[in-house]
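Shown next, in structure tokens, is the structure this report addresses.
The values are calculated or read from the model by the stated rules, or taken from the named source; none is laboratory data. Since the structure is predicted, the reported quantities are computational estimates derived from the model, not experimental observations. Please note: Cβ atoms are built from the backbone with ideal geometry, for glycine as well, and neighbour counts cover all protein chains shown.
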């Protein structure tokens, strides 16, 4: 697993806790973690300003999906409806957020680490 040290969407401590729990229960996971210092979630996104995204606790709570090829629509097969910015704002306010930031150095390093991993395990 490639993890960003500053990732508040999937914190390193949470992953380490899961792995320790599995190991302590007699079922160690065959997972190796690599932690990139200073990296946030989604370090491979195109360069730009760091962003705070709002995630919601449950997909069903999202009243609309604002980005779709044919415009916004209601979630989970509900009838199509006009985009309601107030509904989206309320949804964002209710959900926890997490940070995303592009990081060219981490992107380069993580790409090299991934290629090396694949070469080691696929024999090329």
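How about region 6-21: which of its residues are in contact with a strand residue (DSSP E or B) (Cβ under 6 Å, 6 or more places away or on another chain) and either surrounded by fewer than 12 Cβ atoms within 10 Å (Cβ to Cβ) or in contact (Cβ under 8 Å) with a residue 24 or more places away in the chain (or both)?
7, 8, 9
Which one of these does residue 17 not meet: (1) modelled with pLDDT of 95 or more; (2) more than 18 Å from residue 110 (Cβ to Cβ)?
Status for residue 17: all satisfied but (1).
Only one of 107, 92 is in a helix (DSSP H, G or I) and modelled with pLDDT of 90 or more; which?
Within the list 107, 92, the selection yields 107.
Sort out which residues of region 30-45 are over 13 Å from the mean Cα position of the chain (by Cα) and either surrounded by 12 or more Cβ atoms within 10 Å (Cβ to Cβ) or in contact (Cβ under 8 Å) with a residue 24 or more places away in the chain (or both), and write them in order of number.
Residues satisfying the conditions are 31, 32, 33, 34, 35, 36, 37, 38.
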